[in-house]
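The values are calculated or read from the model by the stated rules, or taken from the named source; none is laboratory data. Worth saying up front: this structure is predicted, and the values here are computed from it rather than measured. So basically every Cβ, Gly included, is an ideal-geometry build from the backbone, and we count neighbours across all protein chains shown. Note: accessible area is taken over every heavy atom of the protein model, side chains too, but ligands, DNA and RNA are not part of it. Shrake-Rupley method; radii C 1.70, N 1.55, O 1.52, S 1.80 Å.
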Amino acid sequence: MDLQAVAFYVLAAMLVVSALAVVLIPNVFRAGLFLVLAFFAVAGLFITLGADFLGAVQILVYVGAIGVLLLLAIMLTRDVHHGSPGNRLWLPASVLGALLLGAVSWSLLNTTWADKAAEMPVPATAALGASVFDLQNGFILPLEIGALALLAVVIGAIVLVGEKK
Amino acid sequence: MDWLHWLFYVGVILGAVPVMVMAFIWLERRGLGRLQLRPGPNRAGPFGILQPVADAIKVLTKEDIVPVAGDHWVHFVAPLVVFAPAMLVFTVIPFQEDGGLVRGLVPDLNIGILYIVAVSSISTIGVFMAAWGSNNKYSLISAFRSMAQVVSYEIPLALAILGVVLAAGTMSLTGIVQAQAVPFIVMQPLGFIIFFIAATAELNRTPFDLMEAESEMVAGYHIEYSGMKFALFYLAEYAYTVGISAIAATLFLGGWKAPWGVGPQVGVLWLVVKILLVFMVILWIRGTFPRVRVDQLMGFAWKFLFPLSLINIFIIAAESLAWPGLPWWLLFPNTAIALVLVVVWSGLFRLGGGRVQV
(Lines give C-alpha, C1' and ligand atoms only; values in the text may rest on other atoms or scores of the structure.)
Protein backbone atom coordinates (compact mmCIF):
# COMPACT_ATOMS: atom_id res chain seq x y z
CA MET A 1 0.00 0.00 0.00
CA ASP A 2 1.51 3.32 -0.98
CA LEU A 3 1.54 6.44 1.14
CA GLN A 4 -1.37 8.06 -0.65
CA ALA A 5 -3.62 5.09 0.11
CA VAL A 6 -2.62 5.24 3.79
CA ALA A 7 -3.43 8.94 3.88
CA PHE A 8 -6.78 8.29 2.21
CA TYR A 9 -7.81 5.58 4.67
CA VAL A 10 -6.74 7.64 7.69
CA LEU A 11 -8.68 10.69 6.45
CA ALA A 12 -11.70 8.61 5.45
CA ALA A 13 -11.83 6.93 8.87
CA MET A 14 -11.52 10.36 10.52
CA LEU A 15 -14.34 11.69 8.34
CA VAL A 16 -16.71 8.80 9.07
CA VAL A 17 -16.02 8.82 12.81
CA SER A 18 -16.45 12.57 13.14
CA ALA A 19 -19.58 12.58 10.96
CA LEU A 20 -21.10 9.87 13.17
CA ALA A 21 -20.09 11.86 16.24
CA VAL A 22 -21.92 14.93 14.88
CA VAL A 23 -25.19 12.96 14.81
CA LEU A 24 -24.77 10.83 17.92
CA ILE A 25 -23.23 13.20 20.50
CA PRO A 26 -25.94 14.96 22.55
CA ASN A 27 -23.76 17.96 23.50
CA VAL A 28 -24.41 20.39 20.65
CA PHE A 29 -21.16 22.35 21.02
CA ARG A 30 -19.04 19.20 20.81
CA ALA A 31 -21.13 18.03 17.84
CA GLY A 32 -20.33 21.35 16.15
CA LEU A 33 -16.62 20.83 16.80
CA PHE A 34 -16.81 17.37 15.25
CA LEU A 35 -18.52 18.88 12.21
CA VAL A 36 -15.54 21.22 11.85
CA LEU A 37 -13.24 18.17 12.10
CA ALA A 38 -15.29 16.50 9.35
CA PHE A 39 -14.83 19.58 7.12
CA PHE A 40 -11.12 19.36 7.83
CA ALA A 41 -10.98 15.70 6.81
CA VAL A 42 -12.80 16.53 3.57
CA ALA A 43 -10.15 19.18 2.85
CA GLY A 44 -7.50 16.52 3.42
CA LEU A 45 -9.26 14.19 0.96
CA PHE A 46 -9.32 16.96 -1.66
CA ILE A 47 -5.59 17.47 -1.21
CA THR A 48 -4.80 13.75 -1.59
CA LEU A 49 -6.77 13.86 -4.85
CA GLY A 50 -4.50 16.63 -6.18
CA ALA A 51 -7.14 19.37 -5.81
CA ASP A 52 -4.93 21.58 -3.64
CA PHE A 53 -6.76 24.83 -4.38
CA LEU A 54 -10.10 23.26 -3.47
CA GLY A 55 -8.58 21.87 -0.26
CA ALA A 56 -7.27 25.27 0.86
CA VAL A 57 -10.59 26.94 0.00
CA GLN A 58 -12.43 24.19 1.88
CA ILE A 59 -10.42 24.99 5.04
CA LEU A 60 -10.75 28.75 4.53
CA VAL A 61 -14.50 28.76 3.90
CA TYR A 62 -15.83 25.77 5.83
CA VAL A 63 -13.45 25.62 8.82
CA GLY A 64 -12.58 29.31 9.07
CA ALA A 65 -15.93 30.90 8.25
CA ILE A 66 -18.87 28.47 8.37
CA GLY A 67 -17.48 26.51 11.32
CA VAL A 68 -16.91 29.69 13.32
CA LEU A 69 -20.40 31.02 12.50
CA LEU A 70 -21.90 27.67 13.47
CA LEU A 71 -20.13 27.67 16.85
CA LEU A 72 -21.20 31.28 17.39
CA ALA A 73 -24.83 30.38 16.69
CA ILE A 74 -24.59 27.42 19.11
CA MET A 75 -23.13 29.65 21.83
CA LEU A 76 -26.08 32.02 21.44
CA THR A 77 -28.63 29.22 22.04
CA ARG A 78 -29.81 28.27 25.50
CA ASP A 79 -29.38 25.02 27.41
CA VAL A 80 -26.57 23.65 25.28
CA HIS A 81 -25.57 21.19 28.00
CA HIS A 82 -28.95 19.49 27.85
CA GLY A 83 -28.14 18.80 24.25
CA SER A 84 -30.64 17.93 21.56
CA PRO A 85 -33.31 15.79 23.24
CA GLY A 86 -34.85 12.97 21.22
CA ASN A 87 -38.24 13.47 19.67
CA ARG A 88 -40.73 11.47 17.61
CA LEU A 89 -39.07 12.35 14.34
CA TRP A 90 -36.13 9.95 14.87
CA LEU A 91 -37.79 7.03 13.03
CA PRO A 92 -38.74 8.85 9.80
CA ALA A 93 -35.41 10.66 9.90
CA SER A 94 -33.38 7.45 10.10
CA VAL A 95 -35.51 5.79 7.38
CA LEU A 96 -34.96 8.79 5.08
CA GLY A 97 -31.26 8.83 5.91
CA ALA A 98 -30.89 5.11 5.14
CA LEU A 99 -32.77 5.57 1.85
CA LEU A 100 -30.54 8.48 0.85
CA LEU A 101 -27.38 6.53 1.74
CA GLY A 102 -28.64 3.55 -0.30
CA ALA A 103 -29.49 5.72 -3.31
CA VAL A 104 -26.10 7.47 -3.26
CA SER A 105 -24.17 4.21 -2.81
CA TRP A 106 -26.17 2.49 -5.56
CA SER A 107 -25.60 5.29 -8.06
CA LEU A 108 -21.90 5.47 -7.14
CA LEU A 109 -21.42 1.75 -7.68
CA ASN A 110 -23.43 1.58 -10.93
CA THR A 111 -21.91 4.55 -12.74
CA THR A 112 -19.18 3.89 -15.26
CA TRP A 113 -16.62 6.50 -14.32
CA ALA A 114 -14.60 7.90 -17.20
CA ASP A 115 -11.40 8.13 -15.22
CA LYS A 116 -8.06 9.01 -16.78
CA ALA A 117 -9.82 10.54 -19.80
CA ALA A 118 -7.36 13.41 -19.59
CA GLU A 119 -4.17 13.55 -17.57
CA MET A 120 -4.72 15.53 -14.37
CA PRO A 121 -2.57 18.67 -14.30
CA VAL A 122 -0.47 18.80 -11.12
CA PRO A 123 -0.52 21.38 -9.59
CA ALA A 124 -4.08 22.07 -10.64
CA THR A 125 -4.53 25.69 -9.54
CA ALA A 126 -3.25 27.43 -12.68
CA ALA A 127 -5.18 25.06 -14.94
CA LEU A 128 -8.32 25.62 -12.86
CA GLY A 129 -8.02 29.39 -13.17
CA ALA A 130 -7.35 29.19 -16.89
CA SER A 131 -10.40 27.03 -17.51
CA VAL A 132 -12.72 29.18 -15.39
CA PHE A 133 -11.64 32.46 -16.97
CA ASP A 134 -11.26 31.14 -20.51
CA LEU A 135 -12.92 33.60 -22.90
CA GLN A 136 -14.47 30.97 -25.19
CA ASN A 137 -15.34 27.99 -22.99
CA GLY A 138 -14.99 29.61 -19.57
CA PHE A 139 -17.47 30.19 -16.79
CA ILE A 140 -17.22 33.97 -16.48
CA LEU A 141 -20.97 34.59 -16.79
CA PRO A 142 -22.00 32.09 -14.05
CA LEU A 143 -19.24 33.50 -11.86
CA GLU A 144 -20.51 37.05 -12.30
CA ILE A 145 -24.10 35.92 -11.68
CA GLY A 146 -22.92 34.30 -8.46
CA ALA A 147 -21.15 37.50 -7.44
CA LEU A 148 -24.33 39.52 -8.14
CA ALA A 149 -26.42 37.08 -6.09
CA LEU A 150 -23.98 37.42 -3.18
CA LEU A 151 -24.14 41.22 -3.44
CA ALA A 152 -27.94 41.03 -3.30
CA VAL A 153 -27.67 38.82 -0.20
CA VAL A 154 -25.34 41.29 1.51
CA ILE A 155 -27.64 44.24 0.75
CA GLY A 156 -30.61 42.19 1.94
CA ALA A 157 -28.82 41.42 5.22
CA ILE A 158 -28.08 45.12 5.75
CA VAL A 159 -31.74 46.01 5.07
CA LEU A 160 -32.96 43.29 7.45
CA VAL A 161 -30.76 44.12 10.43
CA GLY A 162 -30.25 47.84 9.83
CA GLU A 163 -31.69 50.51 12.09
CA LYS A 164 -35.30 51.45 11.41
CA LYS A 165 -35.26 55.13 10.57
CA MET B 1 10.85 15.33 -1.65
CA ASP B 2 13.10 12.99 0.27
CA TRP B 3 12.52 12.02 3.85
CA LEU B 4 15.68 13.67 5.10
CA HIS B 5 14.53 17.06 3.84
CA TRP B 6 11.18 16.74 5.67
CA LEU B 7 12.72 15.45 8.87
CA PHE B 8 15.37 18.17 8.90
CA TYR B 9 13.04 21.09 8.28
CA VAL B 10 10.31 19.91 10.63
CA GLY B 11 13.06 19.76 13.27
CA VAL B 12 14.35 23.20 12.29
CA ILE B 13 10.90 24.78 12.45
CA LEU B 14 9.93 23.09 15.72
CA GLY B 15 13.28 24.11 17.22
CA ALA B 16 13.92 27.52 15.72
CA VAL B 17 10.45 29.02 16.13
CA PRO B 18 10.23 28.61 19.94
CA VAL B 19 13.81 29.90 20.31
CA MET B 20 12.98 32.89 18.11
CA VAL B 21 9.77 33.43 20.04
CA MET B 22 11.66 33.47 23.35
CA ALA B 23 14.16 35.95 21.94
CA PHE B 24 11.32 38.14 20.68
CA ILE B 25 9.50 38.03 24.02
CA TRP B 26 12.69 39.28 25.67
CA LEU B 27 13.09 41.94 22.98
CA GLU B 28 9.49 43.07 23.36
CA ARG B 29 9.65 43.34 27.14
CA ARG B 30 12.96 45.20 27.07
CA GLY B 31 11.92 47.43 24.17
CA LEU B 32 8.57 48.21 25.74
CA GLY B 33 10.42 49.07 28.93
CA ARG B 34 12.59 51.54 27.01
CA LEU B 35 9.51 53.10 25.38
CA GLN B 36 7.79 53.46 28.75
CA LEU B 37 10.87 54.82 30.56
CA ARG B 38 11.37 51.82 32.83
CA PRO B 39 14.14 49.18 32.86
CA GLY B 40 12.11 46.11 31.91
CA PRO B 41 13.25 42.65 33.08
CA ASN B 42 16.94 43.05 34.04
CA ARG B 43 17.66 40.57 36.86
CA ALA B 44 18.00 37.12 35.28
CA GLY B 45 21.31 37.04 33.42
CA PRO B 46 23.01 39.96 31.64
CA PHE B 47 20.36 42.48 30.45
CA GLY B 48 17.69 40.08 31.71
CA ILE B 49 18.35 37.82 28.75
CA LEU B 50 17.54 34.69 30.75
CA GLN B 51 14.13 36.02 31.76
CA PRO B 52 12.19 33.97 29.12
CA VAL B 53 14.00 30.82 30.32
CA ALA B 54 13.05 31.59 33.91
CA ASP B 55 9.47 32.22 32.80
CA ALA B 56 9.39 28.93 30.90
CA ILE B 57 10.57 27.00 33.97
CA LYS B 58 8.07 28.82 36.17
CA VAL B 59 5.19 28.07 33.79
CA LEU B 60 6.17 24.39 33.44
CA THR B 61 6.16 23.82 37.18
CA LYS B 62 2.88 25.63 37.85
CA GLU B 63 -0.27 23.80 38.84
CA ASP B 64 -2.66 23.07 35.98
CA ILE B 65 -6.10 24.26 37.06
CA VAL B 66 -9.18 23.00 35.21
CA PRO B 67 -12.55 24.63 35.92
CA VAL B 68 -15.00 22.09 37.37
CA ALA B 69 -18.05 23.44 35.59
CA GLY B 70 -16.33 23.69 32.21
CA ASP B 71 -16.14 21.24 29.34
CA HIS B 72 -12.92 19.35 30.20
CA TRP B 73 -12.17 17.86 26.81
CA VAL B 74 -12.71 21.12 24.98
CA HIS B 75 -10.64 22.90 27.63
CA PHE B 76 -7.83 20.39 27.08
CA VAL B 77 -7.75 20.48 23.26
CA ALA B 78 -8.16 24.27 22.80
CA PRO B 79 -4.48 25.28 23.36
CA LEU B 80 -3.38 22.71 20.78
CA VAL B 81 -5.88 24.00 18.20
CA VAL B 82 -4.51 27.51 18.70
CA PHE B 83 -0.86 26.47 18.71
CA ALA B 84 -0.67 24.05 15.76
CA PRO B 85 -1.72 26.55 13.02
CA ALA B 86 0.81 29.06 14.35
CA MET B 87 3.59 26.55 13.63
CA LEU B 88 2.06 25.46 10.30
CA VAL B 89 2.39 29.02 8.95
CA PHE B 90 6.20 28.69 8.93
CA THR B 91 6.25 25.64 6.65
CA VAL B 92 5.87 27.68 3.45
CA ILE B 93 8.16 30.63 4.24
CA PRO B 94 11.11 30.47 1.80
CA PHE B 95 14.52 31.00 3.42
CA GLN B 96 16.64 31.30 0.32
CA GLU B 97 16.81 31.22 -3.47
CA ASP B 98 16.32 27.80 -5.07
CA GLY B 99 19.48 25.73 -5.15
CA GLY B 100 20.80 27.16 -1.92
CA LEU B 101 21.66 24.98 1.03
CA VAL B 102 18.69 26.11 3.11
CA ARG B 103 15.38 26.71 1.35
CA GLY B 104 12.56 26.01 3.75
CA LEU B 105 10.17 23.08 4.13
CA VAL B 106 7.83 23.56 1.12
CA PRO B 107 8.72 27.06 -0.17
CA ASP B 108 7.42 26.33 -3.70
CA LEU B 109 3.90 25.31 -2.65
CA ASN B 110 1.84 26.61 -5.57
CA ILE B 111 -0.96 27.84 -3.28
CA GLY B 112 1.48 29.16 -0.66
CA ILE B 113 -0.22 32.38 0.43
CA LEU B 114 -3.72 30.88 0.20
CA TYR B 115 -2.48 28.07 2.45
CA ILE B 116 -1.29 30.64 5.02
CA VAL B 117 -4.61 32.50 4.98
CA ALA B 118 -6.53 29.22 5.30
CA VAL B 119 -4.39 27.73 8.07
CA SER B 120 -4.36 30.87 10.19
CA SER B 121 -8.17 31.00 10.10
CA ILE B 122 -8.28 27.74 12.10
CA SER B 123 -7.04 29.28 15.34
CA THR B 124 -10.30 31.27 15.77
CA ILE B 125 -11.94 27.90 16.49
CA GLY B 126 -9.34 27.29 19.19
CA VAL B 127 -10.19 30.63 20.80
CA PHE B 128 -13.86 29.64 20.83
CA MET B 129 -13.03 26.26 22.35
CA ALA B 130 -10.95 27.90 25.07
CA ALA B 131 -13.77 30.30 25.92
CA TRP B 132 -16.44 27.62 25.91
CA GLY B 133 -14.41 25.02 27.78
CA SER B 134 -13.63 27.52 30.55
CA ASN B 135 -17.30 28.32 31.17
CA ASN B 136 -16.38 31.85 32.23
CA LYS B 137 -18.32 34.94 31.21
CA TYR B 138 -15.20 37.05 30.67
CA SER B 139 -13.66 34.49 28.36
CA LEU B 140 -16.93 34.18 26.42
CA ILE B 141 -17.21 37.94 25.91
CA SER B 142 -13.60 37.95 24.82
CA ALA B 143 -14.24 35.19 22.27
CA PHE B 144 -17.21 37.11 20.85
CA ARG B 145 -15.08 40.22 20.47
CA SER B 146 -12.33 38.19 18.87
CA MET B 147 -14.76 36.66 16.39
CA ALA B 148 -16.19 40.02 15.29
CA GLN B 149 -12.71 41.47 14.97
CA VAL B 150 -11.10 38.60 13.07
CA VAL B 151 -14.01 38.23 10.64
CA SER B 152 -14.00 41.98 9.89
CA TYR B 153 -10.26 42.38 9.43
CA GLU B 154 -9.77 39.18 7.44
CA ILE B 155 -11.44 40.81 4.43
CA PRO B 156 -9.06 43.80 3.98
CA LEU B 157 -6.14 41.46 4.83
CA ALA B 158 -7.07 39.00 2.08
CA LEU B 159 -7.75 41.83 -0.41
CA ALA B 160 -4.35 43.41 0.31
CA ILE B 161 -2.67 40.02 -0.24
CA LEU B 162 -4.67 39.68 -3.47
CA GLY B 163 -2.99 42.84 -4.76
CA VAL B 164 0.40 41.20 -4.24
CA VAL B 165 -0.73 37.98 -5.93
CA LEU B 166 -2.08 40.00 -8.86
CA ALA B 167 1.22 41.84 -9.31
CA ALA B 168 3.37 38.72 -8.92
CA GLY B 169 1.14 36.47 -11.00
CA THR B 170 1.61 33.55 -8.61
CA MET B 171 0.55 32.42 -5.14
CA SER B 172 3.82 30.61 -4.44
CA LEU B 173 5.86 32.55 -1.88
CA THR B 174 9.09 31.79 -3.75
CA GLY B 175 7.49 33.18 -6.90
CA ILE B 176 6.29 36.29 -5.07
CA VAL B 177 9.80 36.99 -3.76
CA GLN B 178 11.30 36.45 -7.22
CA ALA B 179 8.74 38.85 -8.73
CA GLN B 180 9.92 41.68 -6.46
CA ALA B 181 12.58 43.40 -8.56
CA VAL B 182 11.40 46.44 -6.61
CA PRO B 183 9.96 45.42 -3.21
CA PHE B 184 6.17 45.59 -3.16
CA ILE B 185 6.22 47.94 -0.16
CA VAL B 186 7.44 50.61 -2.62
CA MET B 187 5.27 49.45 -5.52
CA GLN B 188 2.06 49.07 -3.48
CA PRO B 189 2.34 51.32 -0.42
CA LEU B 190 -1.43 51.40 0.02
CA GLY B 191 -1.60 47.61 0.00
CA PHE B 192 1.18 47.41 2.59
CA ILE B 193 -0.53 49.88 4.93
CA ILE B 194 -3.81 47.95 4.72
CA PHE B 195 -2.03 44.61 5.17
CA PHE B 196 -0.05 45.82 8.15
CA ILE B 197 -3.01 47.35 10.02
CA ALA B 198 -5.28 44.38 9.30
CA ALA B 199 -2.55 41.94 10.34
CA THR B 200 -2.03 43.80 13.63
CA ALA B 201 -5.76 43.47 14.23
CA GLU B 202 -5.70 39.76 13.34
CA LEU B 203 -2.95 39.27 15.90
CA ASN B 204 -5.10 41.00 18.53
CA ARG B 205 -2.23 43.28 19.43
CA THR B 206 -2.38 46.85 20.65
CA PRO B 207 -4.19 49.04 19.55
CA PHE B 208 -6.62 46.24 18.63
CA ASP B 209 -6.28 44.08 21.77
CA LEU B 210 -9.89 44.51 22.88
CA MET B 211 -10.25 40.82 23.62
CA GLU B 212 -7.54 41.07 26.26
CA ALA B 213 -8.41 44.51 27.62
CA GLU B 214 -7.19 44.13 31.21
CA SER B 215 -9.35 46.88 32.64
CA GLU B 216 -12.55 45.38 31.19
CA MET B 217 -12.22 41.60 31.14
CA VAL B 218 -9.24 40.69 33.33
CA ALA B 219 -7.23 38.61 30.86
CA GLY B 220 -9.29 37.56 27.88
CA TYR B 221 -10.24 34.14 26.52
CA HIS B 222 -7.42 32.28 28.33
CA ILE B 223 -8.38 33.57 31.77
CA GLU B 224 -9.03 30.05 33.14
CA TYR B 225 -5.76 28.61 31.88
CA SER B 226 -2.60 28.11 33.87
CA GLY B 227 0.67 26.24 33.64
CA MET B 228 1.71 24.65 30.36
CA LYS B 229 -1.66 25.24 28.67
CA PHE B 230 -1.37 28.98 29.25
CA ALA B 231 2.21 28.82 28.00
CA LEU B 232 0.94 27.31 24.75
CA PHE B 233 -1.44 30.25 24.25
CA TYR B 234 1.34 32.70 25.02
CA LEU B 235 3.75 30.89 22.69
CA ALA B 236 1.14 30.75 19.91
CA GLU B 237 0.47 34.48 20.21
CA TYR B 238 4.14 35.34 19.72
CA ALA B 239 4.66 32.63 17.09
CA TYR B 240 1.83 34.29 15.12
CA THR B 241 3.46 37.68 15.53
CA VAL B 242 6.76 36.31 14.22
CA GLY B 243 4.81 34.50 11.47
CA ILE B 244 3.00 37.67 10.37
CA SER B 245 6.33 39.54 10.42
CA ALA B 246 7.80 36.80 8.22
CA ILE B 247 4.84 36.99 5.82
CA ALA B 248 5.08 40.78 5.64
CA ALA B 249 8.82 40.49 5.01
CA THR B 250 8.21 37.91 2.27
CA LEU B 251 5.26 39.59 0.56
CA PHE B 252 6.31 43.22 0.74
CA LEU B 253 9.98 43.55 1.74
CA GLY B 254 11.55 41.16 -0.76
CA GLY B 255 11.96 38.15 1.53
CA TRP B 256 15.41 36.57 1.38
CA LYS B 257 16.78 39.09 -1.14
CA ALA B 258 19.55 41.46 -0.10
CA PRO B 259 18.48 45.10 -0.59
CA TRP B 260 19.86 46.39 -3.95
CA GLY B 261 21.68 43.07 -4.22
CA VAL B 262 24.56 44.29 -2.02
CA GLY B 263 25.83 42.65 1.13
CA PRO B 264 26.32 38.97 1.91
CA GLN B 265 24.08 36.71 -0.18
CA VAL B 266 22.81 34.71 2.78
CA GLY B 267 19.04 34.54 2.43
CA VAL B 268 18.24 33.46 5.98
CA LEU B 269 20.19 36.39 7.40
CA TRP B 270 18.26 38.97 5.38
CA LEU B 271 14.95 37.27 6.15
CA VAL B 272 15.66 37.39 9.89
CA VAL B 273 16.75 41.04 9.63
CA LYS B 274 13.52 41.92 7.82
CA ILE B 275 11.40 39.93 10.29
CA LEU B 276 13.10 41.83 13.10
CA LEU B 277 12.39 45.13 11.34
CA VAL B 278 8.66 44.41 10.99
CA PHE B 279 8.50 43.11 14.57
CA MET B 280 10.12 46.28 15.89
CA VAL B 281 7.48 48.41 14.12
CA ILE B 282 4.70 46.29 15.67
CA LEU B 283 6.39 46.77 19.06
CA TRP B 284 6.71 50.51 18.45
CA ILE B 285 2.99 50.70 17.67
CA ARG B 286 2.22 48.83 20.90
CA GLY B 287 4.24 51.35 22.87
CA THR B 288 2.63 54.35 21.16
CA PHE B 289 -1.09 53.93 20.53
CA PRO B 290 -3.98 53.71 23.01
CA ARG B 291 -6.52 50.91 22.64
CA VAL B 292 -9.45 51.62 20.29
CA ARG B 293 -13.08 51.25 21.32
CA VAL B 294 -15.39 48.54 19.90
CA ASP B 295 -17.36 50.91 17.65
CA GLN B 296 -14.15 52.56 16.44
CA LEU B 297 -12.70 49.11 15.71
CA MET B 298 -15.62 48.08 13.51
CA GLY B 299 -15.93 51.49 11.85
CA PHE B 300 -12.24 51.49 11.00
CA ALA B 301 -12.41 48.06 9.37
CA TRP B 302 -15.57 48.60 7.34
CA LYS B 303 -15.42 52.32 6.50
CA PHE B 304 -11.69 52.83 6.04
CA LEU B 305 -9.76 49.62 5.32
CA PHE B 306 -12.41 47.79 3.29
CA PRO B 307 -13.14 50.49 0.65
CA LEU B 308 -9.46 51.38 0.36
CA SER B 309 -8.52 47.73 -0.20
CA LEU B 310 -11.11 47.48 -2.99
CA ILE B 311 -9.69 50.64 -4.60
CA ASN B 312 -6.19 49.17 -4.23
CA ILE B 313 -7.19 45.97 -6.05
CA PHE B 314 -8.84 48.03 -8.80
CA ILE B 315 -5.76 50.22 -9.31
CA ILE B 316 -3.36 47.28 -9.47
CA ALA B 317 -5.63 45.34 -11.82
CA ALA B 318 -5.95 48.34 -14.15
CA GLU B 319 -2.19 48.94 -14.06
CA SER B 320 -1.34 45.33 -14.83
CA LEU B 321 -3.74 45.47 -17.80
CA ALA B 322 -2.26 48.72 -19.11
CA TRP B 323 1.42 48.00 -18.43
CA PRO B 324 1.98 44.21 -18.24
CA GLY B 325 4.91 43.42 -15.99
CA LEU B 326 4.35 46.57 -13.92
CA PRO B 327 7.43 48.75 -14.67
CA TRP B 328 9.26 50.30 -11.73
CA TRP B 329 8.21 53.93 -12.39
CA LEU B 330 4.64 53.01 -11.32
CA LEU B 331 5.87 53.49 -7.76
CA PHE B 332 5.56 57.27 -8.15
CA PRO B 333 1.82 57.35 -9.09
CA ASN B 334 1.11 54.55 -6.60
CA THR B 335 2.76 56.41 -3.72
CA ALA B 336 0.90 59.60 -4.67
CA ILE B 337 -2.43 57.73 -4.88
CA ALA B 338 -1.81 56.08 -1.50
CA LEU B 339 -0.99 59.42 0.16
CA VAL B 340 -4.00 61.24 -1.33
CA LEU B 341 -6.42 58.38 -0.56
CA VAL B 342 -5.32 57.96 3.06
CA VAL B 343 -5.48 61.71 3.74
CA VAL B 344 -8.81 62.26 1.93
CA TRP B 345 -10.48 59.15 3.30
CA SER B 346 -9.52 59.93 6.88
CA GLY B 347 -11.24 63.28 6.50
CA LEU B 348 -14.45 61.73 5.15
CA PHE B 349 -15.77 60.49 8.48
CA ARG B 350 -15.10 60.58 12.19
CA LEU B 351 -14.86 57.44 14.27
CA GLY B 352 -17.34 58.51 16.91
CA GLY B 353 -15.06 61.15 18.40
CA GLY B 354 -15.65 61.18 22.12
CA ARG B 355 -19.11 59.63 21.96
CA VAL B 356 -20.11 56.02 21.31
CA GLN B 357 -21.66 55.74 17.87
CA VAL B 358 -23.28 52.40 17.24
> For B:K303, which aspartates and glutamates qualify as cross-link partners when the Cα separation must be under 12 Å and same-chain residues fewer than eight apart are set aside?
Replying inline: B:D295
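Could I get the Rg over Rh figure for the stretch B:274-317? Both from C-alpha atoms, Rh via Kirkwood, rounded to two places. Walk me through the numbers on the way to the answer.
Numbers: Rg = 14.2 Å, Rh = 12.7 Å.
So for the stretch B:274-317, dividing Rg by the Kirkwood Rh gives 1.12.
Sort A:S131, B:S226 by heavy-atom solvent-accessible area, probe 1.4 angstrom, most to least.
Numbers: A:S131 60, B:S226 20 Å².
The most accessible residue leads, giving A:S131, B:S226.
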>> Using each residue's phi in the stretch B:36-53, evaluate 6.51 cos²θ - 1.76 cosθ + 1.60 at θ = phi - 60° and report the 3J(HN,Hα) Karplus result to the nearest Hz, with x for Gly and Pro.
In response: 9, 6, 9, x, x, x, 9, 9, 7, x, x, 6, x, 6, 8, 4, x, 5
> If you wrap a convex hull around the Cα atoms of the stretch A:1-83, how much volume per residue is inside, in Å³?
Replying inline: 64 Å³
>> Suppose we keep just the alpha-carbon trace of the protein assembly as shown; what are its Rg and Dmax in angstrom?
In response: 24.5, 76
>> Taking the Cα centre as origin and putting +1 on Lys and Arg beta-carbons and -1 on Asp and Glu beta-carbons, what dipole magnitude results for the stretch B:64-352, to the nearest 20 debye?
In response: 440 debye
>> Show me, bin by bin at 10 Å from 0, the whole-percent P(r) of chain A based on Cα pairs.
In response: 8, 20, 32, 27, 11, 1, 0
> Hey, what's the Kirkwood Rh for chain B if you take every pair of different alpha carbons, in angstrom?
Replying inline: 21.5 Å
> Largest first, what is the accessible-area ranking of B:T241, A:T112 with a 1.4 Å probe?
Replying inline: A:T112, B:T241
> Taking the Cα centre of the stretch B:19-153 as the origin and placing charges on Cβ (Lys, Arg +1; Asp, Glu -1), which of B:V53, B:V150, B:Y115 is farthest toward the positive end of the dipole?
Replying inline: B:V53
> Picking from B:G11, B:G255, B:G48, which is most flexible by a Gaussian network model of chain B using Cα springs under 10 Å?
Replying inline: B:G11
